[in-house]
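Engineer: Below is one structure. I have some questions about it.
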Amino acid sequence: MRSIGVDIGSAATKCALWDGNDIICCITPTGWTPKESAEAAVVMIKEKAGIAPDAPGISVTATGYGRNVFPADKRVTEISCHAAGARFLVPEVGMVLDIGGQDSKVISLHPDGRVADFIMNDKCAAGTGRFLQNMAVHLGCTLSDFCSIPEGTVMQPINSMCTVFAESEVIGLLAHGIAKEPICAGLLDSVAQKAVTMISRAGGSGDICFTGGCAQNGMLRALIEEKTGRRVISHALSQYAGAIGAALIGAK
Amino acid sequence: MRRHHGRELKEEITIRNCVEKIDELFEKMREGVRNAPVAVKELKEAGRPIVGIYCTFTPWELINAAGGIPVSLCSTSEKPIAAAEQHLPRNLCPLIKSSYGFALTDTCPYFHFCDIVIGETTCDGKKKMYELLNALRPTHVMQLPQTTEHAKSLELWKHEVIKLKEVLEERFGASITDEKLTSAIKLKNSINAAALRFYDLAALPDPVVSGKEIMLVSDYIKFTFDYEEAIANVNALTDSLLDAYKSGLRRVSASKRILITGCPMGKSLEKVVDAIEAPENSAVVVGFENCGNLKCTHYKVREDIAPLDAITEKYLSIPCSVMSPNNERIELIRHYIKKYRADGVADVILQACHTYNVESHSVRTALASDGIPYIAVETDYSQGDVGQLATRFGAFAEML
Ligand code: SF4
Ligand code: SF4
């Protein structure tokens, strides 16, 4: 059975198609109307898979913050979808860490993959992609610069977790002539610290699958690994974990 | 075959009659809550002393025996919070801010009519708020000991109960005799018994009412001052619900049963119940281990010992998070998980409520060892987080 999952996030809409054997994915910016972005994503994935737009028998499962504005066959929260998607990408992980554009979450899993517990941070920008995005504005750089911090950069610690205070701290550091790279490293460390706090609150042991928009940042991944002493695994498709999970749940 | 048919027909008629009666009673209760301010006004005009209370610890029976009308001032609206923040810090529990804000702006009819306020030294925020409240209305604060494990606690609390008795007697020119106290105890016990009988419908295998309906009945009991009428209506409702259930009616279809615990619930926190009971979750709130609900009705005032001792004992044993240690709360939660067949527990914590927030860890740990899924949400009286609540409870329901 073929099944499509759409993960309608605040910044990007991710889409995945599961045909029983394979997964293909695509991504599009969410824009102002999440419903239209989701519709566009579904059209896009069908095109990519060479499926006729009106092909019958394909279920669509929606997840993410926009899941309720989209007429899907099924709606499932991003918690269950991320768990299912992460287990698919990295079998046997015991925990999922998701750091997205707007929120971050930690999901601990039963050995059979069911969700055992979860902790969400969606009230505060600290520890999310939004925090880095805000800081990038002040640093005059882009998010991708956070991914290319030269090795051996000595980190400049940032003391404030809160976006508002961190902003003035960063401006102050720049005024003192501190270079951008050490500041970027310090900001990543702050995001990592926030993630580690959530991970230790959730407890458990075993490998962690790192998903969401920030999962591609190798330095962030290494920092979390170092601080938790647990293996943190990211996957090339980890940004699509929610959409993949939705497609898999929809196929059941 | 014919006989079978006859029975079905009879059941159908029973159900139809019951449903009519149930709708009628719920409507009557809604109306009762709506008209409560008028009822208080009329009592005031009839010369009855109106006594404002905020907390489950206030001995209701003493006020009743003094001829007074205890009226709950515990507020759950966001409206007066901005005004309250002129005097109070932002980083304070919304219940305290809302309650104070209503008093400050004189926009709560109950506060407007009340002659005196009774408070207790419960949490830090509340007891300091009472100091400010005293400038707006005479406020008598009872010194609440914060443990039941010390013999001296009971002694101190009894002293405070007697002092309250004297304050009420002097203020209202009443004499609170043992006889009056005994009948006040009987009355309150029978109100609580009617409430508990209704709450206990959740002990049946299938859900009988929704969490929203439970909240309505709690509110109705809280804001009905003709106590006999309240008892009669609640009992009639329970009877009709039971009859309909026995005849096969299932009003609520939900497969996952949630017990709520935590800070006092109220109108603004209906958003939490809505998030749990959203149709796609197939979940229902089967009970509230909160103030104004099971936390007060579960415990009876003994009728076989001296009335003042009985009152002292009952009120000190309320398992609120301001008490330390507060193991009894966990036992109470466990009791109702079992009795109401709960599949999971939702801890509703108000922002900046330190006692419930800290205690959350103990509850989580205890329930984890029982294998009971648990979720804690921190919220306030604004409606800004309904989306976040929907995701949390959606995921929690998917997890069960
Ligand atoms: S939770 Fe505690 S302090 Fe708050 S109303 Fe109930 S008994 Fe009083
Ligand atoms: S909810 Fe917590 S902080 Fe607020 S009044 Fe009750 S015990 Fe105090």
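The values are calculated or read from the model by the stated rules, or taken from the named source; none is laboratory data. Bear in mind that the values here come from a model prediction, so they are computed numbers and not experimental data. Don't worry about glycine lacking a Cβ; one is built from the backbone with ideal geometry, like all the others, and counts go over all protein chains shown.
Engineer: Can you spot a residue in the stretch B:44-53 that is touching a helix residue (DSSP H, G or I) at 6+ places or on another chain (Cβ under 8 Å) and within 16 Å of ligand 2 (Cβ to nearest atom)?
Structural biologist: First, pick out the residues of the stretch B:44-53 that are touching a helix residue (DSSP H, G or I) at 6+ places or on another chain (Cβ under 8 Å): B:44, B:49-53.
Now restrict to residues that are within 16 Å of ligand 2 (Cβ to nearest atom): B:52-53.
Checked the stretch B:44-53: at least one residue is touching a helix residue (DSSP H, G or I) at 6+ places or on another chain (Cβ under 8 Å) and within 16 Å of ligand 2 (Cβ to nearest atom).
Engineer: Within the set of pairs 6+ apart or on separate chains, which have a first residue in the stretch B:348-360 that is closer than 22 Å to B:Val285 by Cα, a second that is within 11 Å of ligand 1 (Cβ to nearest atom) and assigned to a helix (DSSP H, G or I), and C-beta atoms under 7 Å apart?
Structural biologist: B:Ile349/B:Tyr356; B:Leu350/B:Leu95
Engineer: Let me ask something additional. Exactly one of (1) at negative phi; (2) out of contact with any Pro (no Cβ under 7 Å at 6 or more places or on another chain); (3) more than 11 Å from chain A (Cβ to nearest Cβ) is unmet by B:Ala397. Its number?
Structural biologist: With (1) at negative phi; (2) out of contact with any Pro (no Cβ under 7 Å at 6 or more places or on another chain); (3) more than 11 Å from chain A (Cβ to nearest Cβ) applied to B:Ala397, the lone miss is (3).
Engineer: Would you mind finding the one in A:Gly177, A:Gly212, A:Gly218, A:Gly229 that is among the small types (Gly, Ala, Ser) and at pLDDT 90 or above? Step through it out loud before you land on a result.
Structural biologist: Working: A:Gly177 fails: at pLDDT 90 or above; A:Gly212 fails: at pLDDT 90 or above; A:Gly218 fails: at pLDDT 90 or above.
After applying the criteria, what remains is A:Gly229.
Engineer: B:Ala366 versus (1) more than 9 Å from chain A (Cβ to nearest Cβ); (2) closer than 19 Å to B:Lys267 by Cβ; (3) not β-branched (Val, Ile, Thr): which is the lone unmet condition?
Structural biologist: Only one criterion in (1) more than 9 Å from chain A (Cβ to nearest Cβ); (2) closer than 19 Å to B:Lys267 by Cβ; (3) not β-branched (Val, Ile, Thr) is unmet by B:Ala366, namely (2).
Engineer: Same structure, new question: Please enumerate the residues belonging to the stretch B:26-81 that are touching a Ser or Thr at 6+ places or on another chain (Cβ under 7 Å) and polar (S, T, N, Q).
Structural biologist: B:Ser75, B:Thr76, B:Ser77 - these are the residues of the stretch B:26-81 that are touching a Ser or Thr at 6+ places or on another chain (Cβ under 7 Å) and polar (S, T, N, Q).
Engineer: Between a first residue in the stretch A:67-83 that is within 9 Å of chain B (Cβ to nearest Cβ) and more than 17 Å from A:Ile99 (Cβ to Cβ) and a second residue that is surrounded by 23 or more Cβ atoms within 10 Å (Cβ to Cβ) and of a type in the set (Lys, Arg), which pairs have beta carbons less than 8 Å apart while being 6 or more apart in sequence or on different chains?
Structural biologist: So the pair list comes out as A:Arg75/A:Arg67; A:Val76/A:Arg67; A:Thr77/A:Arg67.
Engineer: Turning to a different aspect of this structure: Could you list, in sequence order, the residues of the stretch A:104-153 that are within 11 Å of chain B (Cβ to nearest Cβ) and over 21 Å from B:Asp347 (Cβ atoms)?
Structural biologist: Within the stretch A:104-153, A:Leu109, A:His110, A:Arg114 meet the criteria.
Engineer: For B:Glu378, work out the one condition from (1) within 16 Å of ligand 2 (Cβ to nearest atom); (2) away from chain A (no Cβ under 14 Å); (3) not hydroxyl-bearing (Ser, Thr, Tyr) it doesn't fulfil.
Structural biologist: (2)
Engineer: Ok, one more. Just give me the residues in the stretch B:315-334 being under 20 Å from the mean Cα position of the chain (by Cα), within 19 Å of B:Thr121 (Cβ to Cβ) and either away from ligand 1 (no atom under 13 Å from the Cβ) or of a type in the set (Val, Ile, Thr) (or both), in sequence order.
Structural biologist: Correct list: B:Ile318, B:Val322.
Engineer: Quick one: would you say B:Gly67 is part of a loop (DSSP other than H, G, I, E, B), among the small types (Gly, Ala, Ser) and more than 16 Å from ligand 2 (Cβ to nearest atom)? Before the answer, list the steps.
Structural biologist: Details: part of a loop (DSSP other than H, G, I, E, B): yes; among the small types (Gly, Ala, Ser): yes; more than 16 Å from ligand 2 (Cβ to nearest atom): yes.
It is true that B:Gly67 is part of a loop (DSSP other than H, G, I, E, B), among the small types (Gly, Ala, Ser) and more than 16 Å from ligand 2 (Cβ to nearest atom).
Engineer: Now for a separate question. Conditions: (1) in contact (Cβ under 8 Å) with a residue 60 or more places away in the chain; (2) within 16 Å of ligand 1 (Cβ to nearest atom). B:Arg171 meets all but one. Number of the miss?
Structural biologist: (2)
Engineer: Identify the single condition in (1) assigned to a loop (DSSP other than H, G, I, E, B); (2) free of Cβ contacts under 8 Å to residues at least 40 places away in the same chain; (3) small (Gly, Ala, Ser) that B:Ala83 does not satisfy, given that it satisfies every other one.
Structural biologist: (1)
Engineer: For the stretch A:154-172, which positions are within 14 Å of chain B (Cβ to nearest Cβ) and surrounded by 16 or more Cβ atoms within 10 Å (Cβ to Cβ)? Spell out how you get there, then give the answer.
Structural biologist: First pass over the stretch A:154-172, keeping only residues within 14 Å of chain B (Cβ to nearest Cβ): A:162.
Within the stretch A:154-172, no residue meets the criteria.
Engineer: Of all residues in the stretch B:114-156, how many are surrounded by fewer than 19 Cβ atoms within 10 Å (Cβ to Cβ) and either in a helix (DSSP H, G or I) or assigned by TED's automatic domain parsing to the domain that holds B:Arg329 (or both)?
Structural biologist: The total comes to 11.
Engineer: Shifting gears a bit: Exactly one condition in (1) in contact with a strand residue (DSSP E or B) (Cβ under 7 Å, 6 or more places away or on another chain); (2) buried (at least 21 other Cβ atoms within 10 Å of the Cβ) is not met by B:Tyr220; state its number.
Structural biologist: (1)
Engineer: I've got another one for you. Does B:Lys300 count as surrounded by fewer than 19 Cβ atoms within 10 Å (Cβ to Cβ), of a type in the set (Lys, Arg) and away from ligand 2 (no atom under 16 Å from the Cβ)?
Structural biologist: On the way: surrounded by fewer than 19 Cβ atoms within 10 Å (Cβ to Cβ): yes; of a type in the set (Lys, Arg): yes; away from ligand 2 (no atom under 16 Å from the Cβ): yes.
So B:Lys300 fits the description; yes.
Engineer: While we're here: Could you please find all residues in the stretch B:260-311 being free of Cβ contacts under 8 Å to residues at least 24 places away in the same chain and acidic (Asp, Glu)? Walk me through how you get there before you give the answer.
Structural biologist: Taking the stretch B:260-311 and keeping what is free of Cβ contacts under 8 Å to residues at least 24 places away in the same chain, we get B:279, B:299, B:302, B:304-305.
Hit for the stretch B:260-311 is B:Asp304, nothing else.
Engineer: Keeping to the stretch B:304-347, report how many residues are among the aliphatic types (A, V, I, L, M) and under 27 Å from B:Val285 (Cβ atoms). Break it down stepwise before answering.
Structural biologist: Our first condition is that a residue be among the aliphatic types (A, V, I, L, M); within the stretch B:304-347, this holds for B:305-306, B:308, B:310-311, B:316, B:318, B:322-323, B:330, B:332-333, B:337, B:342, B:345-346.
From the residues that got through so far, the ones that are under 27 Å from B:Val285 (Cβ atoms) too are B:318, B:322-323, B:330, B:332-333, B:337, B:342, B:345-346.
Summing the residues that are among the aliphatic types (A, V, I, L, M) and under 27 Å from B:Val285 (Cβ atoms) in the stretch B:304-347 gives 10.
Engineer: I'd like the full set of residues that are outside any helix (DSSP H, G or I), more than 15 Å from ligand 1 (Cβ to nearest atom) and closer than 15 Å to B:Val377 by Cβ, limited to the stretch B:335-366.
Structural biologist: Pass one, the stretch B:335-366, residues outside any helix (DSSP H, G or I): B:340-353.
Among the residues that remain, those that are also more than 15 Å from ligand 1 (Cβ to nearest atom) are: B:340-346.
The answer is B:Gly344, B:Val345, B:Ala346.
Engineer: While we're on this one: Kindly provide the set of residues from the stretch B:381-392 that are in a helix (DSSP H, G or I) and facing another protein chain (nearest Cβ under 9 Å), ordered by number.
Structural biologist: Going through the stretch B:381-392, the residues in a helix (DSSP H, G or I) turn out to be B:386-392.
If the condition is that a residue be in a helix (DSSP H, G or I) and facing another protein chain (nearest Cβ under 9 Å), then B:Gly387, B:Gln388, B:Ala390, B:Thr391, B:Arg392 are the ones that fit.
Engineer: Among the residues of the stretch A:93-101, are any in a loop (DSSP other than H, G, I, E, B), farther than 25 Å from A:Leu17 by Cβ, away from chain B (no Cβ under 14 Å) and touching a residue at least 60 places away in the same chain (Cβ under 8 Å)?
Structural biologist: Filtering the stretch A:93-101 down to residues in a loop (DSSP other than H, G, I, E, B) leaves A:93-94, A:100-101.
Imposing the further condition that a residue be farther than 25 Å from A:Leu17 by Cβ reduces the set to A:94.
Applying the additional criterion that residues be away from chain B (no Cβ under 14 Å) yields A:94.
Still in the list and also touching a residue at least 60 places away in the same chain (Cβ under 8 Å): A:94.
Scanning the stretch A:93-101 turns up at least one residue that is in a loop (DSSP other than H, G, I, E, B), farther than 25 Å from A:Leu17 by Cβ, away from chain B (no Cβ under 14 Å) and touching a residue at least 60 places away in the same chain (Cβ under 8 Å).
Engineer: Residue check, B:Ile214 against (1) without any contact (Cβ under 8 Å) to a residue 60 or more places away in the chain; (2) within 13 Å of B:Phe26 (Cβ to Cβ), all met but one. Which one?
Structural biologist: In the conditions (1) without any contact (Cβ under 8 Å) to a residue 60 or more places away in the chain; (2) within 13 Å of B:Phe26 (Cβ to Cβ), B:Ile214 misses (1) alone.
Engineer: Could you identify the single residue in B:Leu400, B:Leu316, B:Leu350 that is surrounded by 20 or more Cβ atoms within 10 Å (Cβ to Cβ) and more than 16 Å from ligand 2 (Cβ to nearest atom)?
Structural biologist: Details: B:Leu400 fails: surrounded by 20 or more Cβ atoms within 10 Å (Cβ to Cβ); B:Leu350 fails: more than 16 Å from ligand 2 (Cβ to nearest atom).
Exactly one of B:Leu400, B:Leu316, B:Leu350 is surrounded by 20 or more Cβ atoms within 10 Å (Cβ to Cβ) and more than 16 Å from ligand 2 (Cβ to nearest atom), namely B:Leu316.
Engineer: Pick from B:Val117, B:Val141: which is free of Cβ contacts under 8 Å to residues at least 60 places away in the same chain and either touching a helix residue (DSSP H, G or I) at 6+ places or on another chain (Cβ under 7 Å) or within 16 Å of ligand 2 (Cβ to nearest atom) (or both)?
Structural biologist: Details: B:Val117 fails: free of Cβ contacts under 8 Å to residues at least 60 places away in the same chain.
One residue alone meets the criteria, B:Val141.
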